[in-house]
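*Asks:* Before anything else, here's the structure in question.
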Amino acid sequence: MKYLVPALLILVACGQKEENKEVSIELPTYPKTETVDQRDTYFGKEILDPYRWLENDTAPEVEAWVKAQNEVTESYISQIPYRDKIQKRLEEIWNYPKYSAPFKKGDKYYFFKNDGLQNQSVMYVQEGLEGEPSVFLDPNTLSDDGTKALSGLSFSNDYKYLAYSVSSAGSDWKTMYLKNLETGELESDEINWIKFSGASWYKDGFFYAGYDQPKKGLEFSQSSEAPKIRYHKLGTPQSEDILIYENPGKPKQYNWPIVDEDEKHLMINISEGTHGNSILYRSLDESMYADFKVLYSDFEYNRDFVGTLDGELLFLTNDGAKNYQLVKVDPNKDNARDWEVLIEEKEEVLQGVSNVGSKLFASYLKNANSLILEYSEEGELLKEVELPGIGSVSGFGGEKEDTELFYTFTSFVSPPTIYHYDVESGNSKVFRESEFNVDLSDYETKQVWYPSKDGTKIPMFITHKKGIELNGKNPTLLYAYGGFNISITPSFSVSNIVFLEQGGVYAVANLRGGGEFGESWHEQGMLEKKQTVFDDFIAAAEYLISEKYTDSDHLAISGRSNGGLLVGACMTQRPDLYKVALPAVGVLDMLRYHKFTVGWGWAVEYGSSENETDFNYLIEYSPLHNVKDSTEYPATLVTTADHDDRVVPAHSFKFIAELQAHHANKVNPVLIRIEENAGHGAGKPTAKIIEEQTDIWSFVFWNLGIRM
């Protein structure tokens, strides 16, 4: 079957006048996906899992299936006549210098820069702010295709060494290397099989968390368990590293070490999931091998170490404060909750605190926008830092003795601009403006509040060209996340400009389950209340339609990771509401997610199918298990990657197999794009990003009726 459009729509855009021709796109014939008779019983209920074999992603038959699926997807997208035009436009607007804010270590300044289309940003160093920068670390030299990326930096306290981590093909696995800052040479030290850990320096070495080497062939799917805290002494092989802490009785824990900046205390941060942690500690004045004491033993609350002040420990915590507070704790007291509150809980959510120049800079969220308040070290509010506008701010970090700091401001229609802040005077000035070369003055963002199913008001940002006609026909992309206490704030996307230029409307909803309004907002969208998140998203789509921004034939939905779950759940619950669905690297099998890599850590957010109560609500929304026969689903492009060891690609493989088997609509394609040598998203080279965005926008444009 062919999907036809008049060639005039295409040819006029290309400057041609040829008429009366039609451009046709062959709809895909999906590869045959074999089924197996896999039946699992959960609390008396039998659940079929016919595509279980796709979980073995390194098996030859799965690799053949991946190749066949990619060929079908490529065949479909390659027929879209303006695919090359989209890629060219993306490359044009992507090709401008991009900088990070500088940061000072010792007497030198460091920053990252990408010339435009470099696969990875390069780290530079310079003497003073007016000094001539020189290349310090260039990850582009580590591989031919840009798939090796820097993923963590840790300077020694005397600024003589830098420990930096490198990830390959987007994997969460890291290898750590050491660079001598005095000689500029790479040391022989190499630390392998690290995940979610950096280097915590102490004297002539550092603490780190690592894992045993996984079984060959299962590096990207085997459950990651039993992390060990070790101490590495400079100049020695990893095999000689000293075991400091492990808990073999609790293999499903995240453990990582923290040494305070004074090198007085070693803390072990322990969590059993993505929410809540306990903390062990011991004084390094006695011995780094002394027994640990318990500072906090429950896993109910979050305690994020901020630094030390007057010999005591600073923690950002939601213990007794849903919107977080900053407390000062004397670890030598018998009761760790006998703390001093330095910054009390406010109506706004406290996201982070830094101690720079003997002042505390507190970063808040107010209606999903940044708010920065400056306090004294005694907790006295000094001032609100004046920001350039409504948007998102990152930075405000530094050392206690620093007299300056830097921050970056951005919004949906404002590329990142870097500011210099004088701590003593409190004055900000532009340090580096963006060189983005597209005029964005024609675009605007507004924030609206819409009612969800239960009447709760949910905020949403809507960005589009000024003067847009609310005719109910505008191509619209709705994005959200809604989980893990993560806040989605205004941010600039080069890729989205291509959509906005074509009259697109870009909407971002701040759903419950996120952290935009504190722990209460998060709790309303987790565990047995997860359906609330989907209701919020569906209500956002209905609002955009009722307010005449768009209609169901011109609405696309998008989300990544937990957001991929969001899209998968909403497209199976309300397939009539959207024209296009883009579930990216999604958690789509809610009965088995906890069996791979670090998926077990999400049970505190989702619940587990091994618990009967949890199973009963998980099965109700699990996207994989709610694909229905003979149903018209939106045009769907599932995206994943072969090295994704955060959300393993089996989720996406099984979901698309179900869709292709049961999808009734012969016009809307349901396809999967599987990136090679890439992971969950971090460290992806620019070339791969542009290629992926080209395919996604081509798919969206064609199926929403946008013609270039």
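The values are calculated or read from the model by the stated rules, or taken from the named source; none is laboratory data. Source: prediction; values computed, not measured. Every residue, glycine among them, receives a Cβ derived from its backbone with ideal geometry; neighbour counts consider all protein chains shown.
*Asks:* Looking at the range 538-545, can you tell me whether even one residue there is in contact with a strand residue (DSSP E or B) (Cβ under 9 Å, 6 or more places away or on another chain) and either closer than 22 Å to D644 by Cβ or not in a helix (DSSP H, G or I) (or both)?
*Replies:* Looking through the range 538-545, none of the residues is in contact with a strand residue (DSSP E or B) (Cβ under 9 Å, 6 or more places away or on another chain) and either closer than 22 Å to D644 by Cβ or not in a helix (DSSP H, G or I) (or both).
*Asks:* Identify all residues within the range 398-427 that are of a type in the set (G, A, S) and either buried (at least 17 other Cβ atoms within 10 Å of the Cβ) or in contact with a helix residue (DSSP H, G or I) (Cβ under 8 Å, 6 or more places away or on another chain) (or both); write none if there are none. Break it down into steps so the answer makes sense when it comes.
*Replies:* So in the range 398-427, the residues of a type in the set (G, A, S) come out as 398, 411, 414, 425-426.
Once the filter is applied, which keeps residues that are of a type in the set (G, A, S) and either buried (at least 17 other Cβ atoms within 10 Å of the Cβ) or in contact with a helix residue (DSSP H, G or I) (Cβ under 8 Å, 6 or more places away or on another chain) (or both), the range 398-427 yields G398, S411, S414.
*Asks:* Going by what's in this entry, would Y450 be described as of a type in the set (S, T, Y) and more than 17 Å from the chain's Cα centre (by Cα)?
*Replies:* Details: of a type in the set (S, T, Y): yes; more than 17 Å from the chain's Cα centre (by Cα): yes.
The answer is yes for Y450.
*Asks:* State all residues of the range 552-594 that are among the hydroxyl-bearing types (S, T, Y) and in contact with a strand residue (DSSP E or B) (Cβ under 9 Å, 6 or more places away or on another chain); if no residue qualifies, say none.
*Replies:* S558, S561, T572, Y578 - these are the residues of the range 552-594 that are among the hydroxyl-bearing types (S, T, Y) and in contact with a strand residue (DSSP E or B) (Cβ under 9 Å, 6 or more places away or on another chain).
Table: residues versus (1) assigned to a loop (DSSP other than H, G, I, E, B); (2) modelled with pLDDT under 95; (3) surrounded by fewer than 20 Cβ atoms within 10 Å (Cβ to Cβ); (4) not aromatic (F, W, Y).
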{"residue": "D629", "(1), (2), (3), (4)": "yes, yes, yes, yes"}
{"residue": "S652", "(1), (2), (3), (4)": "no, no, no, yes"}
{"residue": "E658", "(1), (2), (3), (4)": "no, no, no, yes"}
{"residue": "N677", "(1), (2), (3), (4)": "yes, yes, yes, yes"}
{"residue": "G683", "(1), (2), (3), (4)": "yes, yes, no, yes"}
{"residue": "T694", "(1), (2), (3), (4)": "no, no, no, yes"}
{"residue": "S698", "(1), (2), (3), (4)": "no, no, no, yes"}
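*Asks:* Against the condition surrounded by fewer than 21 Cβ atoms within 10 Å (Cβ to Cβ), more than 27 Å from the chain's Cα centre (by Cα) and part of a loop (DSSP other than H, G, I, E, B), how does S434 come out, does it pass?
*Replies:* Values: surrounded by fewer than 21 Cβ atoms within 10 Å (Cβ to Cβ): yes; more than 27 Å from the chain's Cα centre (by Cα): no; part of a loop (DSSP other than H, G, I, E, B): yes.
So S434 fails the test.
*Asks:* Can you list the strands (runs of 3 or more DSSP E) found entirely within the range 227-301 that contain at least 1 residues being surrounded by fewer than 14 Cβ atoms within 10 Å (Cβ to Cβ) and β-branched (V, I, T)?
*Replies:* Output list reads 293-296.
*Asks:* If you check T597, T572, which single one turns out to be among the hydroxyl-bearing types (S, T, Y) and not in a loop (DSSP other than H, G, I, E, B)? Show your work before the answer.
*Replies:* Details: T597 fails: not in a loop (DSSP other than H, G, I, E, B).
Only one candidate qualifies: T572.
*Asks:* Then there's this: What is the number of the single condition among (1) buried (at least 19 other Cβ atoms within 10 Å of the Cβ); (2) over 18 Å from I690 (Cβ atoms) that I497 does not meet?
*Replies:* (2)
*Asks:* Of the conditions (1) of a type in the set (A, V, I, L, M); (2) assigned to a loop (DSSP other than H, G, I, E, B); (3) crowded, with 24+ Cβ neighbours inside 10 Å; (4) in contact (Cβ under 8 Å) with a residue 40 or more places away in the chain, M590 clears all except one; give me its number.
*Replies:* Tallying (1) of a type in the set (A, V, I, L, M); (2) assigned to a loop (DSSP other than H, G, I, E, B); (3) crowded, with 24+ Cβ neighbours inside 10 Å; (4) in contact (Cβ under 8 Å) with a residue 40 or more places away in the chain, M590 fails exactly one: (4).
*Asks:* Does Q69 satisfy the criteria of being closer than 28 Å to N703 by Cβ and either in contact with a strand residue (DSSP E or B) (Cβ under 6 Å, 6 or more places away or on another chain) or at pLDDT 95 or above (or both)? Please lay out each step first, then the result.
*Replies:* On the way: closer than 28 Å to N703 by Cβ: yes; either in contact with a strand residue (DSSP E or B) (Cβ under 6 Å, 6 or more places away or on another chain) or at pLDDT 95 or above (or both): yes.
Answer is yes for this residue.
*Asks:* Shifting gears a bit: Could you grab me the full set of residues in the range 30-82 that are under 19 Å from L671 (Cα atoms), assigned to a loop (DSSP other than H, G, I, E, B) and free of Cβ contacts under 8 Å to residues at least 12 places away in the same chain?
*Replies:* K32
*Asks:* Which number in (1) more than 30 Å from Y82 (Cα to Cα); (2) part of a strand (DSSP E or B) marks the one condition that G455 misses?
*Replies:* Evaluating G455 over (1) more than 30 Å from Y82 (Cα to Cα); (2) part of a strand (DSSP E or B) leaves (2) as the failure.
*Asks:* Is it the case, given these coordinates, that G503 is part of a loop (DSSP other than H, G, I, E, B) and either within 19 Å of the chain's Cα centre (by Cα) or closer than 30 Å to L117 by Cβ (or both)? Break it down stepwise before answering.
*Replies:* Values: part of a loop (DSSP other than H, G, I, E, B): yes; either within 19 Å of the chain's Cα centre (by Cα) or closer than 30 Å to L117 by Cβ (or both): yes.
Yes: the conditions hold for G503.
*Asks:* Is the range 181-190 home to any residue that is among the polar types (S, T, N, Q), over 25 Å from I242 (Cα atoms) and assigned to a loop (DSSP other than H, G, I, E, B)?
*Replies:* Residues of the range 181-190 that are among the polar types (S, T, N, Q), as a first pass: 183, 188.
Checking which are over 25 Å from I242 (Cα atoms) leaves us with 183.
Add one more test, that the residue is assigned to a loop (DSSP other than H, G, I, E, B), and what stays is 183.
Yes, some residue in the range 181-190 is among the polar types (S, T, N, Q), over 25 Å from I242 (Cα atoms) and assigned to a loop (DSSP other than H, G, I, E, B).
*Asks:* I would also like to ask the following. Given (1) outside any loop (DSSP other than H, G, I, E, B); (2) free of Cβ contacts under 8 Å to residues at least 12 places away in the same chain, where does M460 come up short, assuming only one miss?
*Replies:* M460 satisfies all of (1) outside any loop (DSSP other than H, G, I, E, B); (2) free of Cβ contacts under 8 Å to residues at least 12 places away in the same chain except (2).
*Asks:* Considering only residues that are more than 20 Å from F305 (Cα to Cα), touching a residue at least 24 places away in the same chain (Cβ under 8 Å) and either in a strand (DSSP E or B) or not assigned by TED's automatic domain parsing to the domain that holds S411 (or both), which ones fall in the range 349-381? Full working, then the answer.
*Replies:* In the first step, residues of the range 349-381 are kept if they are more than 20 Å from F305 (Cα to Cα); the result is 366-371, 380-381.
Subset that is touching a residue at least 24 places away in the same chain (Cβ under 8 Å): 367-370.
Across the range 349-381, the qualifying residues are N369, S370.
*Asks:* Has the range 523-537 got at least one residue that is crowded, with 21+ Cβ neighbours inside 10 Å, assigned to a strand (DSSP E or B) and touching a strand residue (DSSP E or B) at 6+ places or on another chain (Cβ under 8 Å)?
*Replies:* no
*Asks:* Do we have K529 as more than 18 Å from K457 (Cβ to Cβ) and of a type in the set (K, R) here? Give the derivation first.
*Replies:* Details: more than 18 Å from K457 (Cβ to Cβ): no; of a type in the set (K, R): yes.
No.
*Asks:* When the range 100-116 is examined, which residues are found to be under 19 Å from I690 (Cα atoms) and either out of contact with any Phe, Trp or Tyr (no Cβ under 6 Å at 6 or more places or on another chain) or surrounded by 18 or more Cβ atoms within 10 Å (Cβ to Cβ) (or both)? Show your work before the answer.
*Replies:* The first filter runs over the range 100-116 and keeps only residues under 19 Å from I690 (Cα atoms), leaving 113-116.
Selection gives N114, D115.
*Asks:* Which condition number does G483 fail, the rest of (1) part of a loop (DSSP other than H, G, I, E, B); (2) surrounded by fewer than 20 Cβ atoms within 10 Å (Cβ to Cβ) being met?
*Replies:* Against the list (1) part of a loop (DSSP other than H, G, I, E, B); (2) surrounded by fewer than 20 Cβ atoms within 10 Å (Cβ to Cβ), G483 comes up short only on (2).
*Asks:* Just one of the numbered conditions (1) at pLDDT 95 or above; (2) under 21 Å from Y296 (Cα atoms); (3) in contact with a His (Cβ under 7 Å, 6 or more places away or on another chain) is not true of D241; which one?
*Replies:* Single failed check for D241: (2).
*Asks:* For the list (1) over 26 Å from G514 (Cβ atoms); (2) assigned to a loop (DSSP other than H, G, I, E, B), I need the number of the one condition that D319 fails.
*Replies:* The failed condition is (1).
*Asks:* Can you tell me which residues in the range 538-550 are out of contact with any Ser or Thr (no Cβ under 9 Å at 6 or more places or on another chain) and either in contact (Cβ under 8 Å) with a residue 12 or more places away in the chain or closer than 22 Å to M590 by Cβ (or both)?
*Replies:* Step one: filter the range 538-550 for residues out of contact with any Ser or Thr (no Cβ under 9 Å at 6 or more places or on another chain), giving 542-543, 546-548.
Within the range 538-550, E542, Y543, E547, K548 meet the criteria.
*Asks:* Is it the case that A661 is more than 25 Å from F537 (Cα to Cα), in contact (Cβ under 8 Å) with a residue 12 or more places away in the chain and touching a Gly at 6+ places or on another chain (Cβ under 6 Å)? Step through it out loud before you land on a result.
*Replies:* Working: more than 25 Å from F537 (Cα to Cα): yes; in contact (Cβ under 8 Å) with a residue 12 or more places away in the chain: yes; touching a Gly at 6+ places or on another chain (Cβ under 6 Å): no.
No: the conditions fail for A661.
*Asks:* Can you name the residue in the range 322-348 that is of a type outside the set (D, E) and part of a strand (DSSP E or B) and is also farthest from L382 (Cα to Cα) among such residues? Spell out the reasoning first.
*Replies:* Applying the first criterion (of a type outside the set (D, E)) to the range 322-348 yields 322-329, 331-333, 335-337, 339, 341-343, 346.
Right, trim to part of a strand (DSSP E or B) and you get 325-329, 341-343.
Details: Q325: 17, L326: 16, V327: 18, K328: 19, V329: 23, V341: 17, L342: 13, I343: 12 Å.
Among them, the one singled out is V329.
*Asks:* Let me ask something else. Can S154 be described as surrounded by 13 or more Cβ atoms within 10 Å (Cβ to Cβ), hydroxyl-bearing (S, T, Y), in a loop (DSSP other than H, G, I, E, B) and touching a Phe, Trp or Tyr at 6+ places or on another chain (Cβ under 7 Å)? Spell out how you get there, then give the answer.
*Replies:* Numbers: surrounded by 13 or more Cβ atoms within 10 Å (Cβ to Cβ): yes; hydroxyl-bearing (S, T, Y): yes; in a loop (DSSP other than H, G, I, E, B): no; touching a Phe, Trp or Tyr at 6+ places or on another chain (Cβ under 7 Å): yes.
Here the answer is no, as S154 does not meet what is asked.
The rows are residues; the columns are (1) under 23 Å from Y407 (Cβ atoms); (2) touching an Asp or Glu at 6+ places or on another chain (Cβ under 9 Å).
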position	(1), (2)
Q253	no, yes
Y281	no, no
D330	no, yes
Q351	yes, no
